[in-house]
1. Would you mention how many residues in segment 652-692 are open to solvent by 20 Å² or more (accessible area, probe 1.4 Å), closer than 30 Å to residue 591 by Cβ and over 43 Å from the mean Cα position of the chain (by Cα)?
2. Does residue 237 satisfy being open to solvent by less than 10 Å² (accessible area, probe 1.4 Å), of a type in the set (A, V, I, L, M, F, W, C) and modelled with pLDDT under 95?
3. Could we say that residue 105 is crowded, with 22+ Cβ neighbours inside 10 Å, among the hydrophobic types (A, V, I, L, M, F, W, C) and touching a helix residue (DSSP H, G or I) at 6+ places or on another chain (Cβ under 8 Å) here?
4. Is segment 573-583 home to any residue that is in contact with an Asp or Glu (Cβ under 9 Å, 6 or more places away or on another chain), in a loop (DSSP other than H, G, I, E, B) and open to solvent by 30 Å² or more (accessible area, probe 1.4 Å)?
5. Identify, please: which residue in segment 398-416 is among the aliphatic types (A, V, I, L, M) and buried (at least 17 other Cβ atoms within 10 Å of the Cβ) and is, among those, farthest from residue 441 (Cα to Cα)?
6. State all residues of segment 597-610 that are open to solvent by 20 Å² or more (accessible area, probe 1.4 Å) and either among the polar types (S, T, N, Q) or assigned to a loop (DSSP other than H, G, I, E, B) (or both); if no residue qualifies, say none.
7. Condition test on residue 355, is it touching a Ser or Thr at 6+ places or on another chain (Cβ under 9 Å), among the polar types (S, T, N, Q) and within 30 Å of residue 390 (Cβ to Cβ)?
8. Let me confirm something: among 523, 551, which residue is more than 25 Å from residue 616 (Cα to Cα) and out of contact with any His (no Cβ under 9 Å at 6 or more places or on another chain)?
Amino acid sequence: MNHKQQWKIHKFGGTSVLNSDRYKNVFLIVSSLVPSSRKAVVVSAMKGVTDDLIKTVEMAQHQQESYKNLLESIYQRHCTEIKALLGAPARDALLAVIERDFHELREILRGVWLVRTASNQIYDLVSGMGEVWSAQILNAYFQLQGVKTDWLDARKILVIEKTEQAVVINWRASQENLTRWQKEHDYDLVTITGFVAATVDGTIATLGRNGSDYSASVFGALFDCDEIFIWTDVDGIHSADPRQIPEATILKEMSYNEVTELAYFGAKVVHPATMVPAIKKQIPIWIKNTFNPTCLGTKIFQDAESSAPVKGFSTIDKLSLLNVEGTGMVGVPGVAERLFGSLRSSGISVVLISQASSEHSVCFAIPEEQTEKAQKAIELAFFAEIQQGLIQNVQVTRNVSIIAAVGDNMACSPGTAGRFFTALGRSGVNVRAIAQGSSERNISAVIDTKEAIRALRTVHSAFIVPHQTLSVGLIGPGLIGRTFLRQLKEKQLDLKKGREVDVKIRAIANSKMMYLSEKEIPLNQWEELFAKNAVPLDWNKFTEHLKPSHLPHAAVIEATASSSLTPLYKEWLAQGLHIISPNKKANTDSMDEYLKIRAAAKRYSRHFLYSTNVGAGLPIVQTLRDLIATGDEIKIVQGILSGTLSYIFNQYDGTQPFSEIVKKAKEMGFTEPDPREDLSGQDVVRKLVILARETGMNLEVDDVEVQGLVPSALTAISVDEFMSRLAEMDAPMSEKMKNAQAQKQILRFVATLSQDGKARVGLEALPAQHVFSRVSGTDNIVLFKTKRYFEQPLVIQGPGAGPEVTAAGVFADLLRLSQYLGALP
């Protein structure tokens, strides 16, 4: 044996050896590990076997005949997996061992049946057999794959003494036993039974619940290993329970003390007792996932570092809070000793203590099932004081939980406690008691159990979730909406890394259905998930879902062309949602509604962004705002504001029918769903109204003088019929084009807003040299003639239609919102 190689302990839990396929997976993991190291593999029983074995004893003890059926099912389960895993002769040899063991169990349980009682020794003997079988099965499969190995029966190595409080390892005797075993078994791979041990007199014993993890730590110390790996079914230790906190993150490293604190406060991580042998020898412990072995996992060791003040959060539920107070407690020596002495004598476990500095009161949390027992113990201990009125009756509050924040850096991070309690206060969680250890490694608060999940999500968000995390709902997954989702998917990772902005699309809705996701919707499969999981649309549920307490910001992207959603804008703002919308309907509703939306945004400190309302992705609205904000005076605004009409009149020169060009524009997605929205000039009217209102004008849609292109005969028919009769527009449009060409002019659909409030929209014949003649494709162009830009107007030009540029404008508004909320530029 090469003694320069150090041992590494790998412990696999019950889910890791659930069946034959899982045993094979364990082999693949172990065989992929660094070949130069020596490996000791500690295994649990197959998932559920230990509980079933204990149940057979209980059933036999109560003379329930069905214990035989349960024992038989355990036997058949092991035989089935052995047959699936091994071939002859290894299979037959191991089946013979299993048959012998079950024969002995049948005899033992028969005895329990007869005497109707079972000692602790019988429970230990029976419940530990699952690990004995599991170790032999895995060892046999290793050997079948050509690996030199043997299994180690921990009942012949570990010597323990059981006390009322704990299991005590006899380290000297255990070390001597292991040394003798190693001299006889010179292997670099050993499979070890977890959970089981023996007493000094050789009686079979177990290490109690979480015993297999403890076995790994004990053998880690005995083998003098340099690392211990606990293979389980999670990727590592999370910052909170991921079943309650979808945004919980994997912690790369934690100190022994941090893990101990989290475990004490209810987190299902490594049990504190498990780590004691590893801590004494400073052996790092890794938490790894059997089903995702490439994931780095969490490393637990003494000198774990992190810049974060808090590493994780946890809660303990099913508690009661007892409060003892009275003037008879002030300045009286020994009150605390009498109080907690009475609890200790009654076997009451105290989870948390909080005492007022005045010594007038002391409160403490205990398991809820011990409430009456504790109350009686205290009333008996302070009977005289209660009768004299020096101490009031013990006050009991049931259904409380403890929420705890844990982190080594809390002691050197000013404001941590303030941040913790501020977060709870903002979410409306009432704190009943507070405790902080002198190590300043944890802060604990007692709260009502009904508020526990909300509290946990709130404090987790305050410390772990980036401040620029946005919960976003998309309404309208049409051309613009789906294009936006694709653009976001392509940049999502860069936003997280570069700008520290985490955009979580958590809801998508169309006019009839909605899909809500507790975490976030994977953008590479949103269409499939929407089709499979969407439910009937409910705006109340949609809105409520977008603003969970564990995420700091929420926004809705309204990407429809509908006017029916405008009344919801004020409600969204009032409920804390920011709004981003390329839909022009809200901004061109009546002036009264327009002002109410802005008043709601101001009142509730929410943002309403709509830069795409005019010019799609062009900075037209923002430029106009900047001009006004910096004191400029708007004289004239004039422009080609419809990408659709810009495209049409850039293409139309009389050589092609006007109708064919309109049809092509619709096919390319340049028009509204109903092209009459564009051809009638109403879309341009709305854009002009939006610009007018940005300047402070009180302008309604009906105030705009408009000369549309749609003949009256085509206005009141369906979209399909309109498209079929579109050719009726060809002759009049051809006549207008001939007239313009005869005067060496061009046709452009122009919007004009004057300083005096006059607004008009219509087709105009312009000189061929006009600045509007240089547009191409779907270009929009806007001319701002202002006090500063008078002789040479400010001109903005670029593509003003199409899903790509409009979606990009929506994306830009989203980034602008994140900056308003504190993101990096």
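The values are calculated or read from the model by the stated rules, or taken from the named source; none is laboratory data. Please read all numbers here as calculations on a predicted model, not as lab measurements. In this analysis, Cβ positions are derived from the backbone assuming ideal geometry, glycine residues included, and neighbour counts consider all displayed protein chains. Just the protein is used for accessible areas: all its heavy atoms, side chains included, with ligands, DNA and RNA removed. Shrake-Rupley method; radii C 1.70, N 1.55, O 1.52, S 1.80 Å.
1. Summing the residues that are open to solvent by 20 Å² or more (accessible area, probe 1.4 Å), closer than 30 Å to residue 591 by Cβ and over 43 Å from the mean Cα position of the chain (by Cα) in segment 652-692 gives 3.
2. Working: open to solvent by less than 10 Å² (accessible area, probe 1.4 Å): yes; of a type in the set (A, V, I, L, M, F, W, C): yes; modelled with pLDDT under 95: yes.
Considered against the rule, which asks whether it is open to solvent by less than 10 Å² (accessible area, probe 1.4 Å), of a type in the set (A, V, I, L, M, F, W, C) and modelled with pLDDT under 95, residue 237 comes out as yes.
3. Working: crowded, with 22+ Cβ neighbours inside 10 Å: no; among the hydrophobic types (A, V, I, L, M, F, W, C): yes; touching a helix residue (DSSP H, G or I) at 6+ places or on another chain (Cβ under 8 Å): yes.
Against the criterion (crowded, with 22+ Cβ neighbours inside 10 Å, among the hydrophobic types (A, V, I, L, M, F, W, C) and touching a helix residue (DSSP H, G or I) at 6+ places or on another chain (Cβ under 8 Å)), residue 105 does not qualify.
4. yes
5. Taking segment 398-416 as the starting set, the residues that turn out to be among the aliphatic types (A, V, I, L, M) are 400, 402-406, 410-411.
Filter again for buried (at least 17 other Cβ atoms within 10 Å of the Cβ), leaving 400, 402-406, 410.
On the way: 400: 22, 402: 16, 403: 14, 404: 10, 405: 8, 406: 6, 410: 6 Å.
That would be 400.
6. Initially, segment 597-610 is screened for residues open to solvent by 20 Å² or more (accessible area, probe 1.4 Å), giving 598-599, 602-608.
Scanning segment 597-610 gives 604, 605, 606, 607.
7. Criteria met by residue 355.
8. Details: 523 fails: more than 25 Å from residue 616 (Cα to Cα).
Exactly one of 523, 551 is more than 25 Å from residue 616 (Cα to Cα) and out of contact with any His (no Cβ under 9 Å at 6 or more places or on another chain), namely 551.
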